[in-house]
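Here the structure is laid out as C-alpha cells; the discussion comes afterwards.
The values are calculated or read from the model by the stated rules, or taken from the named source; none is laboratory data. For clarity, every value in this text was computed on a predicted model and none was experimentally measured. Every residue, glycine among them, receives a Cβ derived from its backbone with ideal geometry; neighbour counts consider all protein chains shown. With ligands, DNA and RNA removed, areas are computed over all heavy atoms of the protein, side chains included. Shrake-Rupley method; radii C 1.70, N 1.55, O 1.52, S 1.80 Å.
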Amino acid sequence: MSTSLDTKKFSEMIKSKRGNIGLRNLASEIGVSASTLSRIEQGNLPDIDTYLRLCEWLEVSTDYFTKSTSNDDIQNEVIAHLRADKTLPASTSEALIQMINLAYASANKDN
C-alpha cells in the first residue's frame, strides 16, 4: 500500500496556526528559512527535516498528513484541529481533547 502526503491539508493547517505571526518570525522560531516556509504554505512538498519540525510545531504526529481513514486518524485529526485553533483557550481545547479520547476509548472497548 502506498501513502502520500496531503500537502493541501498540511499547508492549510500551517497557515491557520500561524495566523497573524509574521512569516519570518515563525520560520525563525521553527528553525527553517522564510522562503522554505512560504513554499510549503503554497503547497510544495517539504524535505523530511522541515516536515518533522513543522509537525512538532503543529503538535501532530508525522503520519497525520498521510491519506487514510482509520478511527485513530480521525481522532488525531480532530485533536490536531483543536490544538491549532487559537480562538479557543488552551484549557478548553485540552478539556475537549480529553472528552474525545474518552469517547474513542469507550467506542473501542465496545467493539
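Summarise the accessible area of the chain (1.4 Å probe, protein heavy atoms) by the percent that is carbon and sulfur.
The C+S portion of the solvent-accessible surface of the chain is 49 percent.
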> Over the heavy atoms of M99, what accessible area does a 1.4 Å probe trace out, to the nearest 10 Å²?
Replying inline: 120
> Taking K15 as the anchor, which lysines have their alpha carbon closer than 24 Å to its alpha carbon, excluding any fewer than eight residues away along the same chain?
Replying inline: K67, K86
> What whole-number value in Å² describes the accessible area per residue of the chain for a 1.4 Å probe?
Replying inline: 64
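Would you rank S61, S91 by solvent-accessible area, highest first, keeping every protein chain in place and using a 1.4 Å probe? Mind showing how you got there, number by number?
Details: S61 50, S91 90 Å².
Of S61, S91, the descending order of accessible area is S91, S61.
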> So, in nm, how far is label K109 from label A90 when the simple model puts each one 7 Å beyond its Cα toward the Cβ?
Replying inline: 3.0
> Nearest 10 degrees, 0 to 90: what angle lies between the long axis of helix 7-18 and the longest principal axis of the chain (Cα atoms)?
Replying inline: 80
> Only one of the listed values, [x] 1.03; [y] 1.01; [z] 1.54, was derived from the coordinates as Rg/Rh (Cα atoms, Kirkwood Rh); which label is it?
Replying inline: [y]
> Once the whole set of protein chains is in place, how much accessible area is left on E29, using a 1.4 Å probe, in Å² to the nearest 10?
Replying inline: 120
> Do any trypsin sites (Lys or Arg not before Pro) in the range 18-111 lie in a DSSP loop with no more than 13 other beta carbon atoms within 10 Å, and if so, which?
Replying inline: K67
>> At 7 Å along Cα-to-Cβ for each site, give me the label-to-label distance between M99 and D63 in nm.
In response: 2.8
> Can you list residues whose amide H is under 5 Å from T66's amide H, if they're 5+ apart or on another chain and H is modeled 1.01 Å from N?
Replying inline: D6
> Over the heavy atoms of D110, what accessible area does a 1.4 Å probe trace out, to the nearest 10 Å²?
Replying inline: 120
> Relative to the longest principal Cα axis of the chain, at what angle does helix 71-84 sit, 0 to 90 degrees, rounded to 10?
Replying inline: 50
> By how many degrees, 0 to 90 and rounded to 10, does the Cα axis of helix 90-110 deviate from the longest principal axis of the chain?
Replying inline: 50
> Excluding N71 itself, what net charge comes from residues whose Cβ is under 13 Å from its Cβ, given Lys and Arg +1 and Asp and Glu -1?
Replying inline: -3
>> If I model a spin label as a point 7 Å beyond the Cα along the Cα-Cβ vector, how far apart are those points for Q42 and N25 in nm?
In response: 2.4
